[in-house]
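Structure incoming, see below.
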Amino acid sequence: MSTTCGVLFIHSTPSALCPHIEWAVGGVLGMPVSFDWQAQPAERGSYRTEYSWQAPIGTAATLSSALKRWGRMRFEVTEDRTATSDGERYSFTPTLGIFHATTGLHGDIQISEDRIKSAFAQDALGRQGFAETMAELIGAPWDGELEAFRHAGDGTPVRWLHQVG
């Protein structure tokens, strides 16, 4: 089975969820994990962590599915592309829900031709402006909500995981 690597960013979560998150991530990765939780200065009473992982292709989707159920947290999961798979990025906030995008070699979001054509059609029909549709397709609402939490974590140490179970 082909492997890839990625990073899990828990931007904010209540302390009560921290052990549950570790348990869920460990279940997905097939081994126990222990995170270095730090206070999240952007939201009083919440915590953040970053965790680099290496696992089978598709792990980012599985991690995102396991974590979004709690709803009271903000997170992002990235998965690097491989010779046989595209990269991925998942973002979650309690107010916006889940966002998924395919990413290119340098982490930039890739939008398919059909989705761009649909954005033009929505604009032409007066349903939604092209700029607004494109902003949604690249995850701008999620980026806007997560930006304060990302900056609050600048300089936080990352634990690297190199062994695959």
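Quick one: which residues, 5 or more positions from SER46 or on another chain, have an amide H under 5 Å from its amide H? H modelled 1.01 Å from N in the peptide plane, none for Pro or chain starts.
Amide H neighbours of SER46, under 5 Å, 5+ apart: GLN40.
Using helices alone, what [θ] at 222 nm do you get for the chain, with -39,500 (n - 2.57) per DSSP H run of 4 or more residues, divided over all residues and rounded to the nearest 500?
Numbers: 5 runs with 54 residues, N = 165.
Value at 222 nm, helices only, nearest 500: -10000 deg cm²/dmol.
Further question on the same structure: Give me the tail of P(r) for segment 38-93 as a percent: Cα-Cα pairs with distance above 12 Å. Write down the numbers at each step before the final one.
On the way: 1061 of 1540 pairs.
So the portion of pairs separated by more than 12 Å is 69 percent.
As an exercise, take the mean of 1/r over every pair of distinct alpha carbons in segment 23-141, invert it, and state the Kirkwood radius in angstroms.
On the way: mean 1/r = 0.0614 Å⁻¹.
When all Cα pairs of segment 23-141 are included, the Kirkwood radius is 16.3 Å.
Okay, next question. Assign unit charges at the C-beta atoms only (+1 for Lys and Arg, -1 for Asp and Glu), then state the dipole size of segment 24-165 relative to its Cα centre in Debye, rounded to the nearest 20.
Details: 13 positive and 18 negative charges, 102 e Å.
Around 480 debye, computed over segment 24-165.
Then there is this: Tell me whether segment 86-127 comes out rounded, prolate or oblate; compute the Cα gyration tensor, take square roots of the eigenvalues as a ≥ b ≥ c, and use a/c under 1.5 as the rounded threshold. Kindly include the intermediate steps, with their values, before the conclusion.
Details: a/c = 3.93, a/b = 1.34, b/c = 2.92.
Cα axes put segment 86-127 in the oblate bin.
Taking amide H positions as placed in the peptide plane 1.01 Å from N, state which residues far from SER12 in sequence (5 or more) or on other chains have amide H under 5 Å from it.
Residues meeting the criterion, in which the H sits 1.01 Å from N, are ARG74.
Rounded to whole Hz and in sequence order, give me ³J(HN,Hα) for segment 103-114 from the Karplus expression 6.51 cos²θ - 1.76 cosθ + 1.60, θ = phi - 60°, writing x for Gly and Pro.
For segment 103-114, the Karplus curve yields 10, x, 3, 9, x, 6, 6, 9, 10, 5, 4, 5 Hz.
Still on this structure, I have one more. Can you give the extra length, in nm with one decimal, that the chain gains between GLU136 and ILE98 once fully stretched, where that is 0.36 nm per residue apart less the Cα-Cα distance?
Working: separation 38, 0.36 × 38 = 13.68 nm, distance 1.19 nm.
Full-extension gain reported as 12.5 nm.
Out of every Cα pair in segment 1-84, what percent are spaced more than 15 Å from each other?
Values: 1902 of 3486 pairs.
Counting every Cα pair in segment 1-84, those more than 15 Å apart make up 55 percent.
Also, quick follow-up: Per residue of segment 58-68, what does 6.51 cos²θ - 1.76 cosθ + 1.60 with θ = phi - 60° give for ³J(HN,Hα)? Whole Hz please, x for Gly and Pro, Karplus curve as stated.
Residue by residue, segment 58-68 yields x, 5, 4, 5, 5, 4, 4, 4, 5, 8, 5 Hz.
Whole angstrom only: what separates the Cα centroid of segment 118-132 from the Cα centroid of segment 30-91?
That distance is 33 Å.
Between ALA83, ALA66, ALA16, which gets the highest mean-square fluctuation from a Gaussian network model of the chain, Cα cutoff 10 Å?
Maximum fluctuation in the GNM of the chain, among the listed residues, is at ALA83.
Using alpha-carbon pairs under 8 Å, 6+ residues apart, how would you state the relative contact order of the chain in percent?
Values: 288 pairs, mean separation 42.0, N = 165.
Relative contact order comes out at 25 percent.
The numbers here are math on the coordinates, done by the rules we state, and not lab data. Predicted model, so just to flag it, every value in this text is computed and none were measured. Here the Cβ is made from the backbone with ideal geometry for all residues, glycine too, and neighbour counts use every protein chain on show.
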